[in-house]
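Shown next, in structure tokens, is the structure this report addresses.
The values are calculated or read from the model by the stated rules, or taken from the named source; none is laboratory data. Keep in mind it's a predicted model, so treat the numbers as computed, not measured. Neighbour counts are summed over all protein chains in view; Cβ atoms, including those assigned to glycine, are modelled from backbone coordinates with ideal geometry.
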Amino acid sequence: MFATHLRALRLQRGFACKRIYAVRHVKTSTVDWKPIKSSKTPNEEERKKGGVGKKVVLGLMFAMPIISFYLGTWQWQRLEWKNNLIATSESRLTYPPVVLPKNFTADMAENWQYRRVIIKGHFVNEEEMFVGPRVKDSKKGYVLFTPFVRKDTGEKLLVERGWISEEKVNPQLRRLQHLSLPQSDNVEIVCLVRIPRKRGSFQWEKKDHNSRLWQVPDVFEMAAVTGASPLYLQAIYDLSDHKWDSDIPSTESKTNSRSWFFNRKEKPSEQAKSKPLGEFTEWQLIQAGVPIGKEPKIDLRNNHLQYLVTWYGLSLLSTVFLVVALKKYNKGSAISRAQQKREKLRHAKKYM
């Protein structure tokens, strides 16, 4: 009886030990398919920063094709506008010269640009102004501007007479004065009408207000200094010998006592006496100090086709780079998702 009872106790104790051992050694599943971690490892922070940088770069790569395509389209419009402007200006050059209208204003210059006009009157030589320096055939010089008083209206205009060498800036050193410093009241010249433009913000500003030298042709400021109308007229290239008045010697000085050019009457030079009416060479006029006028041709720059090709080419290349970058980005995202799945499976197997 006692033995039976003892055997039963031993069996119960064995079952209890097995149960305790089973409880202690049971591996419960602690798998969390979306684990929440309290702290981020350095690799995760770097990966997150790298993802933000990639998104910023992709955003810029999306913007580049759009912006460059827009700029290319804008250059296309500018090209059409410039071609029409050049064609219109070239047709105006073929028109015969006409007398400048009496009520001509600066606002009308845009519709008259590169049109040849005739003005008659006299130069105010004591108010000459210079722009430069400018180089012509490797020779330093300046562009000469002289006020011109119209005979029909008395209006003072500003005429760009042309390029003059540095050695002939002083009017007393000039020869052929009936061409370099005409004193006649009946001077008749042919000019091109140009649009007067204000000095740009990046162009040199005149520092010395008492100087007659400008670095850029600021027509509005030069006209204000001389009291002339803000019109921009360019004297046309002319090598002819002109005798404005047959009854007045071409070298006779008409300046008053306030003139800063002359303090005596100059005698005609031997070259002026012996030279018959005809044409000079450009070299002769340069040596004599006669301004070399503007050649009647279009000098409008048209680089819009190059800009157009550049912007459209940049748009195409940036589009190709964007497609390649998107493929790599999608491939990298797929690899990253696959790595995350493998890590989760490895984590699950570890704690199963």
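So Leu158 ticks every box in (1) in contact with a Phe, Trp or Tyr (Cβ under 9 Å, 6 or more places away or on another chain); (2) assigned to a loop (DSSP other than H, G, I, E, B); (3) closer than 18 Å to Thr226 by Cβ but one. Which box is left unticked?
(2)
Which residues, taken from the stretch 85-116, are assigned to a helix (DSSP H, G or I) and either among the polar types (S, T, N, Q) or in contact with a His (Cβ under 9 Å, 6 or more places away or on another chain) (or both)?
Across the stretch 85-116, the qualifying residues are Thr88, Ser89, Ser91, Asn111.
Anything in the stretch 61-78 that is of a type in the set (A, V, I, L, M) and surrounded by fewer than 16 Cβ atoms within 10 Å (Cβ to Cβ)? List them, or say none.
Residues satisfying the conditions are Ala63, Ile66, Ile67.
From the list Ser184, Ser211, exactly one residue is touching a residue at least 12 places away in the same chain (Cβ under 8 Å), at negative phi and among the polar types (S, T, N, Q). Which is it?
Ser184
Looking only at the stretch 137-149, how many residues end up being in contact with a helix residue (DSSP H, G or I) (Cβ under 9 Å, 6 or more places away or on another chain) and either crowded, with 17+ Cβ neighbours inside 10 Å or of a type in the set (Asp, Glu) (or both)?
Selection size over the stretch 137-149: 6.
Among (1) in the same structural domain as Leu231 (by TED's automatic domain parsing); (2) free of Cβ contacts under 8 Å to residues at least 60 places away in the same chain, where does Glu126 come up short?
(2)
So which residues in the stretch 286-305 are aliphatic (A, V, I, L, M) and over 19 Å from Thr88 (Cβ atoms)?
Scanning the stretch 286-305 gives Ile286, Ala288, Val290, Ile292.
If you go through the stretch 176-218, how many residues are in a loop (DSSP other than H, G, I, E, B), under 24 Å from the mean Cα position of the chain (by Cα) and under 26 Å from Glu282 (Cβ atoms)?
Within the stretch 176-218, residues that are in a loop (DSSP other than H, G, I, E, B), under 24 Å from the mean Cα position of the chain (by Cα) and under 26 Å from Glu282 (Cβ atoms) number 3.
Asp152 versus (1) in a loop (DSSP other than H, G, I, E, B); (2) crowded, with 19+ Cβ neighbours inside 10 Å: which is the lone unmet condition?
Exception for Asp152: condition (2).
Looking only at the stretch 295-352, count how many residues are under 27 Å from Phe62 (Cβ atoms), hydrophobic (A, V, I, L, M, F, W, C) and modelled with pLDDT of 65 or more.
Residues flagged as under 27 Å from Phe62 (Cβ atoms), hydrophobic (A, V, I, L, M, F, W, C) and modelled with pLDDT of 65 or more within the stretch 295-352 amount to 13.
Let's see how each residue does on (1) crowded, with 18+ Cβ neighbours inside 10 Å; (2) outside the structural domain of Gln172 (by TED's automatic domain parsing); (3) in contact (Cβ under 8 Å) with a residue 60 or more places away in the chain; (4) among the aliphatic types (A, V, I, L, M):
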{"position": "Val98", "(1), (2), (3), (4)": "no, yes, no, yes"}
{"position": "Pro101", "(1), (2), (3), (4)": "no, yes, no, no"}
{"position": "Asp107", "(1), (2), (3), (4)": "no, yes, no, no"}
{"position": "Ile119", "(1), (2), (3), (4)": "yes, no, yes, yes"}
{"position": "Phe130", "(1), (2), (3), (4)": "yes, no, yes, no"}
{"position": "Arg134", "(1), (2), (3), (4)": "no, no, no, no"}
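Need pairs with beta-carbon distance below 7 Å; first residue more than 15 Å from Ala106 (Cβ to Cβ) and assigned by TED's automatic domain parsing to the domain that holds Glu282 and within the stretch 220-244, second part of a loop (DSSP other than H, G, I, E, B) and basic (Lys, Arg); sequence gap 6+ or separate chains.
So the pair list comes out as Asp241/Lys275.
Regarding Lys82, is this residue touching a His at 6+ places or on another chain (Cβ under 7 Å), at pLDDT 75 or above and either outside any strand (DSSP E or B) or surrounded by fewer than 14 Cβ atoms within 10 Å (Cβ to Cβ) (or both)?
Here the answer is yes, as Lys82 does meet what is asked.
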